[in-house]
Amino acid sequence: MKDFRFNLQTAAYFGRNCIEKNTELFKTYGSKAVVFTGPHLGGRLSEGRHQSVIDVENALKKEGIPYLLVDEVEIDPPVETCARTAKQVRPFGADLLIGVGGGSSLDTAKAVGVLLDSPEDADPYEVLYRKVTPYENIKTQCKLNVICVPTTAGTASELSPYAVMTRADIHTKLAIFPWVYCVAAFLDPRYVETAPDMILHTGVFDALAHGVESYLHNNHNRMNRLFAEFGFSLFKDFKDGMASGNLSEEDYDKIMLHSAVQGMAFSSTNSSTTLPHGMGYPLSHIKHVNHGLSCAVFLGEYIRGFKDQSLVKPIVEQCGFANSDEFADYCNDFINRHIDIQVTEAELQQWTDDFMATGRMPSNPEQLTRDELYQLYKISLARYIK
């Protein structure tokens, strides 16, 4: 049996109204809080605050914890924005940071926490991308306590130590090097029940990609495959309801749990993501396609294109499909619903070269040549090439 590392440090509370049932937890982690969320959830660009924000505010008020609401989180948060936010909230002197929303809000809370640990005049790139040894990252690199409340069911940032930022210096997205583990996460399926279809779907495919890629990663092990297989069984139960738009309350519970367990599959052990995630970054960074859908663009063709189909057969069958063609067609159905972009031949060539330089290929069980990777880009994006 392979050696592996297993590391989970977050207390996860799962269930409907789980914040209301556990408000006392907040005061065990801090006396002053900053709540990070986006303008839609915070109510500035919508008719009212999202239930998740209301629940967090009610909990803080009930426990007598002063708080500051920052409802300006950007999608795919840039390093520069997080640096400005850290400067803005530093005088408040919070000892508890709470991210409420999708991955962008959760990752902002983590990155701001790391920045607040550093001198105010420090270069944010040097702080967030300093060299960190694997053994340092076994424990969280943020001294402030971070609580995460996801309203999408995909990124699993609340259970993983990663926070992905947009880097203006190299024009891409990249996880910060210091890992940040949340002290607690609240997984309430009610928050995804009201999500628009596109937000729901992009989350599900992000989570599915976490499971598929970590299952196939060359560092896969018994533990991460255990989580991934449980996630595949949950996906099998709700996939048809998601395709038809006829989801039950139990389906939403499973969607939220699917996100969590697939997050553990790719982040709690020394397995991780492989090709679809890395290939999708240009779509989200350059074409502004939501991250999960960017993964979905390549996920189906990635599975269909395996030369040795025995490697992917367990995944396909556990997800409830007869073969990899059915799996790929399912992915492509959702891609067609939500994505309308144009790509050029020059972009395909550049993205292929950029990916080959990332060092991700050795993690994949089948090594692709540059031309084979280019063909995967081309097949996956054929409908958008102009």
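The values are calculated or read from the model by the stated rules, or taken from the named source; none is laboratory data. Fair warning: this is a prediction, and the values are worked out from it, not measured in the lab. Backbone-built Cβ (ideal geometry, glycine too); neighbour counts: all protein chains shown. Protein only, heavy atoms only, side chains kept; ligands, DNA and RNA dropped before computing areas. Shrake-Rupley method; radii C 1.70, N 1.55, O 1.52, S 1.80 Å.
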List every residue pair whose Cβ atoms sit under 7 Å apart, with the two residues 6 or more apart in sequence or on different chains, where the first one lies in the stretch 238-266 and is more than 24 Å from Arg225 (Cα to Cα) and the second, anywhere, is surrounded by fewer than 22 Cβ atoms within 10 Å (Cβ to Cβ) and polar (S, T, N, Q). Gly241/Ser248
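If you take the residues in the stretch 37-53 that are touching a strand residue (DSSP E or B) at 6+ places or on another chain (Cβ under 7 Å) and among the hydroxyl-bearing types (Ser, Thr, Tyr), which one is surrounded by the most Cβ atoms within 10 Å (Cβ to Cβ)?
In the first step, residues of the stretch 37-53 are kept if they are touching a strand residue (DSSP E or B) at 6+ places or on another chain (Cβ under 7 Å); the result is 37-38, 41-42, 52-53.
Still in the running and among the hydroxyl-bearing types (Ser, Thr, Tyr): 37, 52.
Working: Thr37: 31, Ser52: 22.
If we take residues in the stretch 37-53 being touching a strand residue (DSSP E or B) at 6+ places or on another chain (Cβ under 7 Å) and among the hydroxyl-bearing types (Ser, Thr, Tyr), then Thr37 is surrounded by the most Cβ atoms within 10 Å (Cβ to Cβ).
Could you check the stretch 215-227 and list, in sequence order, the residues that are in a helix (DSSP H, G or I) and either basic (Lys, Arg) or touching a residue at least 60 places away in the same chain (Cβ under 8 Å) (or both)? Steps first, please.
Initially, the stretch 215-227 is screened for residues in a helix (DSSP H, G or I), giving 215-216, 222-227.
The answer is Tyr215, Leu216, Arg222, Met223, Asn224, Arg225.
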Which of the residues that make up the stretch 301-328 are touching a residue at least 60 places away in the same chain (Cβ under 8 Å) and either surrounded by 19 or more Cβ atoms within 10 Å (Cβ to Cβ) or touching a Pro at 6+ places or on another chain (Cβ under 8 Å) (or both)? Glu301, Tyr302, Ile303, Gly305, Leu311, Val312, Ile315, Cys319
Select, from Val34, Val56, the only residue that is under 19 Å from Asp117 (Cβ atoms), open to solvent by less than 60 Å² (accessible area, probe 1.4 Å) and in contact (Cβ under 8 Å) with a residue 60 or more places away in the chain. Val34
Give, as residue ranges, the strands (runs of 3 or more DSSP E) completely inside the stretch 9-71 that count at least 1 residues that are closer than 17 Å to Leu187 by Cβ and at pLDDT 95 or above. 11-14
Taking the condition of being in contact with a Cys (Cβ under 7 Å, 6 or more places away or on another chain) and either in a loop (DSSP other than H, G, I, E, B) or touching a residue at least 60 places away in the same chain (Cβ under 8 Å) (or both), how many residues in the stretch 110-133 meet it? 6
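Residues of the stretch 329-353 being charged (D, E, K, R), open to solvent by 80 Å² or more (accessible area, probe 1.4 Å) and either part of a helix (DSSP H, G or I) or under 18 Å from Arg304 (Cβ atoms) (or both), which ones?
So in the stretch 329-353, the residues charged (D, E, K, R) come out as 329, 333, 337, 340, 345, 347, 353.
This time we only want the ones that are open to solvent by 80 Å² or more (accessible area, probe 1.4 Å), so: 329, 337, 340.
Once the filter is applied, which keeps residues that are charged (D, E, K, R), open to solvent by 80 Å² or more (accessible area, probe 1.4 Å) and either part of a helix (DSSP H, G or I) or under 18 Å from Arg304 (Cβ atoms) (or both), the stretch 329-353 yields Asp329, Arg337.
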